[in-house]
Amino acid sequence: MSSPFARIGVVGAGAMGRGIVQLFAQAGVPVVLHDAQPAAAAAAVKSIADTFGKLAEKGKLSAEQVAGHLSRISTADALGGFAGCDLVIEAIIERLDVKQTVFRALEEVLAPDAVIVTNTSSLSVTAIAAACRHPERIGGYHFFNPVPLMRIVEVIGGPRTKPEVLTKLSELARSAGHTPVVCQDTPGFIVNHAGRAFGPESLKALGEGVATHPVIDRILREHVQIDGQGFKLGPFELLDLTGLDVSHPVMESIYHQYYEEARYKPSVIGAQRVAAGLLGRKVGEGFYRYDKGNVVADPAHQEADAPPAPAGLRAWAAPGPAHKEVRALLEALGASVDTGAQPGPDSLIVLTPLGIDATEAARGLDARRAVALDTLMPFGHRGCKRRVIMTTPATEAAWRDKAHGLFAADGARVSVLRDSAGFITQRVVAMIVAVGTEIAQQRVASPADIDTAVRLGLGYPAGPLSIGDKLGPARIVEILEGMHRVTADPRYRPSAWLRRRAQLGLSLLHDDQ
Ligand SMILES: NC(=O)c1ccc[n+]([C@@H]2O[C@H](COP(=O)([O-])OP(=O)(O)OC[C@H]3O[C@@H](n4cnc5c(N)ncnc54)[C@H](O)[C@@H]3O)[C@@H](O)[C@H]2O)c1
């Protein structure tokens, strides 16, 4: 596939600029690199050459290919070196004023129809273009780190960007083996916007004392099952990897850019931990402590061992959508099932709330004997790695422990939470769908592209709209409405896109005709 651009300039020789140069040199396009720091461009070319050398050692590139790729890379001491480029990609410091200055200077050097794009993560492409004489040839080209391996790029158009610019940028990405997703210039574009559920909702649950961070991480890795897969990393493992100094400002920026929209409200925990310097892996300590890149084991991070399965326990399952399956599970685990319309005086009360908390689900029942089981994911006998239960504040420790022992009787690991509207899994997964459908409603991109971008950009087991479809849009609405009712927090209101499709029995990937 041939490139629609003949010569590409890259400004900024940092982590992103290097990756972009490598990508397009490998795709056969001549690339010129410039950085304001005199030695930075040369250092970047050296590091790219080292990368090619390693790929050659592994047999992934031949010596001729390495020589060919390197011959296409050159450096320039000044922006004047970009004369003759028909595309310049800016990957410099994330500051609007500095980017605007560079764009204005580029316009002096380039032909009027040359395309100029920014790799900004959080600034408005439109605001950068507003400083230019020809905003119609300005766009966003948002790559992910490391560029050659993260095979997705958001191709961003502002209100004045010509559609041909986006078409050519998409073709270029495809010619380099990347998947382009065209999206509107909105805060966080697709991927950083869609990512406003997993971390922030987990931080919110942590802030409410529902569970400790290692428990939340384990639940999202092992309890969540979307086509048999959980999240590869828990939210706190991910925050430690990205660095809270990077993630927390993104959370704040998207929240403010959306005029304090409750859905995106960040947690005070993030701000405090940034102030404390607990940034993550790069400083050796974040939510976890690290020694030479490995997590240091901490006994406080262990969950209590399951008590022995209680003998002769009677258990009563509250009516609900999974009632039959819960009764079958209780029986298979060795409990004697209380089939009365109301629980007998010595029965464990098993609640199965969707969205509401255990306290709300226990209304009219003896909360001292009540425990809630999360039934959103597979929970049957020998049918899951992990089960999640939660107590009401009134649940007595003896009943909690009996439930813990019972639900671990087939070898499943059991996490025990304090009361939470939506446990952990329900609230985090439902928020991922809520935010994904909000992005669809805002027409930031096509429904299919939203899913593709999130799957490739965030590594989720499926895109947010497909996750909603697999779990059932009506169930997701029920969870969100339950959370909304119990907490009175507008954060949890279902988006119009989700509510309408759930009501009409349509897929969340269905676009209006
Ligand atoms: N790092 C990521 O994960 C990531 C992902 C997507 C997008 N981005 C965005 O990409 C851009 C670059 O990020 P990065 O991580 O590569 O940054 P970086 O700090 O690694 O590199 C930035 C480079 O730009 C150079 N620079 C600064 N001002 C300049 C100027 N006026 N002219 C020329 N060069 C200048 C610096 O000397 C430095 O070498 C930012 O806008 C960032 O938000 C970063």
Please specify each residue of the stretch 6-37 satisfying the condition of being touching a Cys at 6+ places or on another chain (Cβ under 8 Å), open to solvent by less than 10 Å² (accessible area, probe 1.4 Å) and away from the ligand (no atom under 13 Å from the Cβ).
Ile8
Hey, among Ala322, Ala318, Ala306, which residue is more than 20 Å from Gly411 (Cα to Cα), aliphatic (A, V, I, L, M), open to solvent by less than 70 Å² (accessible area, probe 1.4 Å) and in contact with a strand residue (DSSP E or B) (Cβ under 8 Å, 6 or more places away or on another chain)?
Ala318
Being among the acidic types (Asp, Glu) and within 16 Å of the ligand (Cβ to nearest atom) narrows it down to one residue among Glu108, Glu136; which is it?
Glu108
Every residue in the stretch 329-388 that is acidic (Asp, Glu) and assigned to a loop (DSSP other than H, G, I, E, B), please.
Asp338, Asp346, Asp357, Asp366, Asp374
Quick check on the stretch 38-48: of everything there that is surrounded by fewer than 20 Cβ atoms within 10 Å (Cβ to Cβ) and within 11 Å of the ligand (Cβ to nearest atom), which residue is nearest to His69 (Cα to Cα)?
Ala43
Before we move on, is Ser170 closer than 30 Å to Gly411 by Cβ and either open to solvent by less than 10 Å² (accessible area, probe 1.4 Å) or touching a strand residue (DSSP E or B) at 6+ places or on another chain (Cβ under 6 Å) (or both)?
no
Could you count how many residues in the stretch 239-272 are away from the ligand (no atom under 16 Å from the Cβ), open to solvent by less than 10 Å² (accessible area, probe 1.4 Å) and on the phi > 0 side of the Ramachandran plot?
0
Unique residue being in contact with a Leu (Cβ under 9 Å, 6 or more places away or on another chain) and more than 15 Å from the ligand (Cβ to nearest atom) when the list is Val182, Val147, Val155:
Val182
For the stretch 405-414, what are the residues that are surrounded by fewer than 24 Cβ atoms within 10 Å (Cβ to Cβ) and not in a loop (DSSP other than H, G, I, E, B)?
Gly405, Arg413, Val414
Which condition from (1) open to solvent by 50 Å² or more (accessible area, probe 1.4 Å); (2) free of Cβ contacts under 8 Å to residues at least 24 places away in the same chain is the one that Val98 breaks?
(1)
Please determine whether any residue of the stretch 289-299 is within 30 Å of Glu360 (Cα to Cα) and aliphatic (A, V, I, L, M).
no
In the stretch 325-361, anything open to solvent by 10 Å² or more (accessible area, probe 1.4 Å), farther than 22 Å from Val210 by Cα and hydroxyl-bearing (Ser, Thr, Tyr) is listed as Ser336, Thr339
Across the stretch 185-230, the tally of residues that are closer than 30 Å to Ser124 by Cα and either of a type in the set (Lys, Arg) or within 16 Å of the chain's Cα centre (by Cα) (or both) stands at 18
Just to be sure before I move on: is Cys85 hydrophobic (A, V, I, L, M, F, W, C), farther than 30 Å from Phe52 by Cα and open to solvent by less than 50 Å² (accessible area, probe 1.4 Å) in the structure I sent?
no
Given the condition modelled with pLDDT of 95 or more and away from the ligand (no atom under 14 Å from the Cβ), answer yes or no: does some residue in the stretch 113-122 qualify?
yes
Residues (assigned to a loop (DSSP other than H, G, I, E, B) and among the acidic types (Asp, Glu)) located in the stretch 199-246:
Glu208, Asp227
Just one of the numbered conditions (1) farther than 25 Å from Pro393 by Cβ; (2) surrounded by fewer than 16 Cβ atoms within 10 Å (Cβ to Cβ); (3) of a type outside the set (Asp, Glu) is not true of Gly364; which one?
(1)
Verdict on Asp86 being more than 13 Å from the ligand (Cβ to nearest atom) and either among the small types (Gly, Ala, Ser) or touching a His at 6+ places or on another chain (Cβ under 9 Å) (or both)
no
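The values are calculated or read from the model by the stated rules, or taken from the named source; none is laboratory data. Just so you know, these numbers come straight off a predicted model, no measurement behind them. FYI the Cβ positions are ideal-geometry reconstructions off the backbone, even for glycines, and counts take in every protein chain you see. Each accessible area value is taken on the protein alone, full model and side chains, heavy atoms only, with ligands, DNA and RNA left out. Shrake-Rupley method; radii C 1.70, N 1.55, O 1.52, S 1.80 Å.
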